[in-house]
Amino acid sequence: MNPPYKPTLPESRFPIVIIGTGGIVKDAHLPAYRLAGFPVDTLMNRTRERAQSLATEFGVKKVFTTVAEAVANAPREAIFDLALPASMFAETLRQLPDGAHVLIQKPMGETLEQAREILAVCREKKLHAAINCQLRFAPFVMAARHLINTGVIGELTDMEMRLTCYTPWHLFPFVYGLPRMEILYHSVHYVDLIRSFLGQPRGVQALTLPHPNSPKLSSTRSAIILNFASGVRATITTNHDHNFGARHQESYLKWEGTKGAIWARVGLLMDYPKGVGDVFEYCVREDGREPEWKTVALEGSWFPEAFVGTMASVQRHQEGSDATMPSSVEDVIHTMEVVEAAYLASERGGISPETLK
């Protein structure tokens, strides 16, 4: 079985104006857009040298140092791609043309309050805005979704993300000193992904912690349990400080159902940013036979291919091919509610056994 795993591309191609040129733009946005044939019209960054360097590398003709300049010189049907620190989204969105299509890097703000402000600005300006929750479009996720939606593994009973690795946070220096880090800037991917399969949980339990070897980071390890009325078990466990070599590192997503299971290695996160390659396997139980795991070869990975999917959804919405965008701000606001609930649950610390004496 070879499940489909690539996003549907738009028939038209609309020019893209990228605001912010950090590492994620160099490593994922620009390579993905080149891969898909999406034309990048403009790069904007406060440090012109940074933007100009990427413009030269990727053949982008226009470079500006302010949002106002980028907007004033944008083509009429431009899609704006915001790749800025989350705290800057609302003020930047206010400068965009009313009714524009926008792709906003995750997370949707650094707090639920900021997320609600972003949603309010988008509604006020009638922006067609989506959040770049690109993990939804990773090849191994799209393949898994097809198998689940077509009933191959039966009724979904369990979904798990487990990460035990060493993450080089120095590649993302803006996260140092933030009061919220791991769930907000990393596990938010998995919270959003689980929501895309199971909907909104009715309860959240969580613990997020710092590590002595990463004193400048507010948290690098998290454990999250999402409680669904359907009875599906959904868990997220992350440890970014496993700095003991590759032997026992783990990075996988797993789906279990009443008839089978799916396991996908998220290879990008091991030896990041080089990665070790993804693996996609599934197993279907058959009466009288031992379970047999089958491996399916998938082209591409989370970076950069998944970034094609999020931009394609915005492009298709602009051309009228799709009525909705899967990761619209109207949907992802609920991901941010789960993130907020996880932080509150961690702060409250659970039930102390001492209270039971």
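The values are calculated or read from the model by the stated rules, or taken from the named source; none is laboratory data. Computed from a prediction, not measured in an experiment: that's the story for all the values here. Please note: Cβ atoms are built from the backbone with ideal geometry, for glycine as well, and neighbour counts cover all protein chains shown.
Look at region 160-175 and say how many of its residues are modelled with pLDDT of 95 or more and farther than 22 Å from residue 266 by Cα.
0
Looking at region 205-217 only, could you name the residues that are farther than 13 Å from residue 346 by Cα and surrounded by 13 or more Cβ atoms within 10 Å (Cβ to Cβ)?
Across region 205-217, the qualifying residues are 211, 214, 216, 217.
Return only the number of the condition from (1) crowded, with 17+ Cβ neighbours inside 10 Å; (2) over 23 Å from the mean Cα position of the chain (by Cα); (3) among the aliphatic types (A, V, I, L, M); (4) over 21 Å from residue 173 (Cα atoms) that residue 51 does not satisfy.
Of the numbered conditions (1) crowded, with 17+ Cβ neighbours inside 10 Å; (2) over 23 Å from the mean Cα position of the chain (by Cα); (3) among the aliphatic types (A, V, I, L, M); (4) over 21 Å from residue 173 (Cα atoms), the odd one out for residue 51 is (4).
Here are the criteria: (1) within 24 Å of the chain's Cα centre (by Cα); (2) under 18 Å from residue 311 (Cα atoms). Tell me which single one residue 11 does not satisfy.
Here residue 11 meets the rest and fails (1).
Among the candidates 78, 70, 86, single out the residue that is at pLDDT below 95, of a type in the set (A, V, I, L, M), surrounded by 19 or more Cβ atoms within 10 Å (Cβ to Cβ) and within 23 Å of residue 126 (Cα to Cα).
86
Among the strands (runs of 3 or more DSSP E) lying completely within region 89-208, list those that include at least 2 residues that are of a type in the set (Lys, Arg).
none
Against the condition surrounded by 15 or more Cβ atoms within 10 Å (Cβ to Cβ), within 16 Å of residue 131 (Cβ to Cβ) and in contact (Cβ under 8 Å) with a residue 60 or more places away in the chain, how does residue 103 come out, does it pass? Quick ask: steps written out before the conclusion?
Details: surrounded by 15 or more Cβ atoms within 10 Å (Cβ to Cβ): yes; within 16 Å of residue 131 (Cβ to Cβ): yes; in contact (Cβ under 8 Å) with a residue 60 or more places away in the chain: yes.
So residue 103 fits the description; yes.
Name the single residue, out of those in region 284-297 being out of contact with any helix residue (DSSP H, G or I) (no Cβ under 8 Å at 6 or more places or on another chain) and in contact (Cβ under 8 Å) with a residue 40 or more places away in the chain, that is surrounded by the fewest Cβ atoms within 10 Å (Cβ to Cβ).
Out of the qualifying residues, it is 294.
Taking only pairs six or more apart or across chains, which ones have beta-carbon atoms under 6 Å, a first residue in region 254-271 that is over 14 Å from residue 144 (Cβ atoms), and a second residue that is crowded, with 19+ Cβ neighbours inside 10 Å and of a type in the set (Ser, Thr, Tyr)?
Short answer, once both residue conditions are applied: 269/251; 270/251.
Among the candidates 145, 202, single out the residue that is among the basic types (Lys, Arg) and surrounded by fewer than 18 Cβ atoms within 10 Å (Cβ to Cβ). Outline the logic, then answer.
On the way: 145 fails: surrounded by fewer than 18 Cβ atoms within 10 Å (Cβ to Cβ).
Just one listed residue meets the conditions, 202.
Of (1) of a type outside the set (Lys, Arg); (2) more than 30 Å from residue 36 (Cα to Cα); (3) touching a residue at least 24 places away in the same chain (Cβ under 8 Å), residue 251 satisfies all except one. Which?
Going through (1) of a type outside the set (Lys, Arg); (2) more than 30 Å from residue 36 (Cα to Cα); (3) touching a residue at least 24 places away in the same chain (Cβ under 8 Å) one by one, residue 251 breaks only (2).
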